[in-house]
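Have a look at the structure below, then the notes.
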Amino acid sequence: MASGLLSQEQVTRFQQDGYLIVPDLLTPDELHTFKEYERNRPPGPRGLQNHRSDPQWAHIAKHPRIVPMVRQLMGGRPQIAQTMYMAKAPQGGTGIALHQDFMYIRNSPNTLMACWLAFSDTDRANGGLCVVPGSNREGLHPAHKAQDARQHASWETNYSMRGPDGREWSERLVSFEISDLDPARIEYLSVPQGSGVFFTSLTIHGSFANPSDDRPRLAFATHYVRQGTWIDRRDLQDMVDAE
Ligand SMILES: O=C(O)CCC(=O)C(=O)O
């Protein structure tokens with residue numbers, strides 16, 4: 001079981017590669033309890049703010065082993081911007097096209113980062129998480145709306161925005177897919193259940209469809225910003241302290 005803080009070597013790897021896998025963040029009990037809880041809830045969209053009202057979700061997002069690592073990586077007090085539980089079904093459940101989170105959550109200063117937790121054993125054969133190492137040091141890439149409906153969810157949504165100066169506007173966001181990506185750069189991660197991946201807001205990441213017969217790919221992601229960060233999207237502006 002991982003305990004305490006990350007080593008200097010791990011922090012440097014996160015900064016260089018844009019992501020860091022940390023084993024055994026959650027106990028088998030925690031995994032079981034959350035999965036059973038979700039399995040017994042009615043199906044349907046969960047929204048992005050469950051951690052505000054649901055103690056099960058809050059427990060994962062505010063996890064006492066994870067939040068100090070987030071604090072260490074972002075250099076300040078983490079606040080929770082959004083949470084997502086992604087239960088990707090076997091036999092074709094679609095993934096999220098490779099993107100940078102900053103495309104969806106513009107924030108300033110840019111302190112956004114994620115902790116993605118595997119709730120089942122995940123790898124290429126069940127649509128596991130993919131990253132592009134080093135992409136966090138390349139700025140924002142051009143992107144288009146995801147094209148391949150067999151692999152990736154496709155959507156467009158209007159969001160209300162409000163800038164730090166009080167200006168308000170509406171903006172249409174789509175299911176972004178990086179345009180200029182060399183497929184050879186994509187790393188297909190194997191992340192066992194209970195382990196996590198920390199990544200930055202500029203790290204290119206996403207996943208493909210789950211081609212397995214019977215292996216669901218279950219993952220929970222929390223997106224954090226450092227206290228004092230402004231997020232343009234109004235639906236995410238009411239942030240919760242993670243600790
Ligand atoms: O798990 C995935 O398929 C992608 C997750 C993702 O985009 C995120 O956590 O920001």
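Summary of values
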read-out: Residue order, fewest to most beta carbons within 10 Å, for Asp123, Asp165; value: Asp165, Asp123
read-out: Between the stretch 2-80 and the stretch 154-168, the alpha-carbon center distance in angstrom; value: 27
read-out: For Val240, residues with placed amide H under 5 Å, excluding near neighbours; value: Ile80
read-out: HN-Hα J in Hz across the stretch 7-15 - Karplus 6.51, -1.76, 1.60, θ = phi - 60°, x for Gly and Pro; value: 6, 4, 5, 5, 4, 5, 5, 4, 5
read-out: From phi via Karplus (6.51, -1.76, 1.60), per-residue ³J(HN,Hα) for the stretch 211-218 in Hz, x at Gly/Pro; value: x, 6, 6, 8, 10, x, 10, 10
read-out: Cα gyration tensor shape of the chain, rounded if a/c is under 1.5, else prolate or oblate by comparing a/b with b/c; value: rounded
read-out: Assigned charges on the beta-carbon of Lys, Arg, Asp, Glu; the chain dipole about Cα centre (debye); value: 340
read-out: Phi to ³J(HN,Hα) by Karplus 6.51 cos²θ - 1.76 cosθ + 1.60 over the stretch 46-61, Hz, x for Gly, Pro; value: 9, x, 10, 10, 4, 4, 6, 10, 10, x, 5, 5, 4, 4, 6, 5
read-out: The chain, relative contact order [Cα under 8 Å, separation at least 6], %; value: 36
read-out: Nonlocal amide H pairs with Met86, under 5 Å, H built at 1.01 Å; value: Ala219, Phe220, Ala221
read-out: Long-range HN-HN contacts of Leu98 with modeled amide H, under 5 Å; value: Ile178, Ser207
read-out: 16 Å Cα-Cα reach of Lys145 towards aspartates and glutamates, excluding residues that sit fewer than 8 places from it in its own chain; value: Asp101, Glu156, Glu171, Glu177, Asp180
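Laboratory data are not the source of any read-out in this text; all were calculated from the coordinates shown. Please read these numbers as outputs of a predicted model, since none were measured by experiment. Quick reminder, even Gly has a Cβ in these numbers, built from the backbone with ideal geometry, and neighbours come from all protein chains shown.
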